Amino acid sequence: MDHVVLKSVTKHFTTKALGKVTAVSGVNLSIRAGECFSFLGPSGCGKTTTLRMIAGFEDLSSGEIWLGGRAVSIKERNFYLPPEKRELGMVFQAFAVWPHLSVFENVAFPLRIHHVPNAEIAERVKQALAHTSLSGLEAKFPSELSGGQQQRIALARAIVARPKVLLLDEPLSNLDTKLREIMRFEIKDLQKKLGLTIVYVTHDQAEAMALSDRMLVMDMGVVQQIDTPTNIYNNPANRFVFGFLGLSNFLPVELHDGAVWAAGAGAESGPLDCDIPANWDDSRAVLATRPNEIELLPEGGYRTRIKARVFLGDYIEYRMDIGSTEIRVQSHERRDLKAGDACGVRLSKVKWYPAEQGVADDERERRKVI
Ligand code: ADP
Ligand code: MG
């Protein structure tokens, strides 16, 4: 069953500073029951706004949102169910715990609002604390606990009312790297144990890939791609998605005389050793590659020289120019090259994208959330 459904959801903001911004533009989306689904994209791309509309904290400019087969927002009819009636659990980036309440009372809070009897509160809080590895800390105050434990309080509070859907907005970004990785597993465990549908917002591609069954990549309010992490990584829908997931090289090229020439390359270097896609009819393109999918050859290939070399244990990273573009190459080969050595380069797995990217970078900068 589809658990969270968005139909043509759009949100405009108008502010003095920015003028009009379409923060979320025509988003269509179906998240299945029990799925862990991430929204991934750079700051300002519209992730939080989308999540807040699902939660009911933000009205829609147009479109519909359905939860568990029930309409919660339908702009056309001005229908709008308030957040407390949507039966969701939520955790946000900042540690939203109350400093003057004990761990027990922090977690009990949503149940007290709904006037749940005391005996039942005690039982449910106990379970929520057990699920989040906080048992025994009931009487402590947040200031006595670590950052990781404080964020677990927020998680415990989000699940105590037994929601079917958990909304998480960058819940781990205030934690250090090690703790972040541990908490990823704990969230995944919690999802399985409780059969939760999770909607997870992050700008961190590693986090999204590690957690998600499926995810969407968003840019300037527009969904770029929805798929499994593996499919998105292997088949990015466009240059933006390619660049947002993993490491990338973008090489501008020109096509003439039936060959592919790197921008700024002298005739002595020769053309690049790669095939032109059958349907390519532009005289320019940008070739996207991953640093670990470039071959270094003693002879043949595009001739250039190693500019820099860094040994990184599992692999060696080289930098070199192809024409006027510097690229990174990660090599697992034992054959070690030094700065200044001549080498040949062959781009193996190449994706072709149109040359023009236009004004997008300025617009992304304008939208950034500080
Ligand atoms: P993200 O969570 O992906 O970083 P947001 O959804 O917070 O991005 O913001 C998307 C865009 O909408 C940004 O340009 C931001 O400045 C703008 N925005 C978000 N909330 C408001 C608001 N309450 N008023 C005006 N503009 C807003
Ligand atoms: Mg945000």
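The values are calculated or read from the model by the stated rules, or taken from the named source; none is laboratory data. What you see is a predicted model, and the numbers here were worked out from it, not measured in a lab. FYI the Cβ positions are ideal-geometry reconstructions off the backbone, even for glycines, and counts take in every protein chain you see. Just so you know, the surface numbers come from the protein's heavy atoms only, side chains and all, with ligands and any DNA or RNA stripped out. Shrake-Rupley method; radii C 1.70, N 1.55, O 1.52, S 1.80 Å.
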Checklist outcome for this item: Placing one equal point scatterer on each C-alpha of segment 1-79 and summing with Debye, one gets log10 I(q)/I(0) at q = 0.21, 0.24 Å⁻¹ equal to -0.96, -1.20
Next on the checklist: Run the Debye formula on the Cα coordinates of the chain, all scatterers equal and no solvent, and tell me log10 I(q)/I(0) at q = 0.13 1/Å.
Outcome noted: -1.06
Checklist entry - Can you list the lysines whose alpha carbon is less than 18 Å from that of Lys178, not counting same-chain residues fewer than 8 positions off? => result Lys188
Next on the checklist: To check you understand DSSP bridge types, tell me what percent of the beta bridges within the chain (both residues inside) are antiparallel, rounded to 5.
Outcome noted: 75 percent
Item to check | Solvent-accessible surface (1.4 angstrom probe) belonging to Trp352, in square angstrom, nearest 10 | outcome: 40 Å²
Checklist outcome for this item: Residue span Ser143 to Asp176: 0.36 nm per residue of separation minus Cα-Cα distance leaves a gain in nm of 10.1 nm
Checklist entry - Which peptide among 83-91, 33-41, 68-76 comes first, and what is the full order, when sorted by highest mean count of other Cβ atoms within 10 Å? => result 33-41, 83-91, 68-76
Item to check | Solvent-accessible area per residue for the chain (1.4 angstrom probe, square angstrom) | outcome: 49 Å²
Checklist entry - Counting each DSSP H run of 4 or more residues in the chain as -39500 (n - 2.57), what helix-only mean residue ellipticity at 222 nm follows after dividing by all residues, to the nearest 500 deg cm²/dmol? => result -7500 deg cm²/dmol
Checklist entry - Percentage of Cα-Cα pair distances in segment 247-353 greater than 19 Å, rounded to whole percent? => result 39 percent
Checklist entry - To the nearest 10 Å², what's His12's accessible area with a 1.4 Å probe? => result 70 Å²
Checklist entry - Ignoring any ligand, DNA or RNA, what whole percent of the accessible area of segment 2-240 comes from carbon and sulfur when the probe is 1.4 angstrom? => result 53 percent
Checklist entry - Lys20: which lysines have alpha carbons under 29 Å from its alpha carbon, excluding same-chain residues fewer than 8 sequence positions away? => result Lys7, Lys11, Lys47, Lys75, Lys368
Next on the checklist: At 1.4 Å probe size, put Leu111, Leu194 in order of accessible surface, largest to smallest.
Outcome noted: Leu194, Leu111
Item to check | Extension gain, Asp281 back to Lys192 (0.36 nm per residue minus Cα-Cα distance, nm) | outcome: 27.2 nm
Item to check | Axial C-alpha extent at least 24 Å, average Kyte-Doolittle at least -1.0 - helices from the chain (DSSP) | outcome: 177-194
Checklist entry - So what does Arg112 come to for accessible area, using a 1.4 Å probe and Å² rounded to 10? => result 90 Å²
Checklist entry - Mind ordering 312-325, 141-154 by average Cβ neighbours within 10 Å, highest first? => result 141-154, 312-325
Checklist entry - So how far, in whole Å, is the C-alpha centre of segment 329-362 from the one of segment 264-328? => result 4 Å
Checklist entry - Any idea how far the Cα center of segment 162-199 sits from the one of segment 40-109, in Å? => result 16 Å
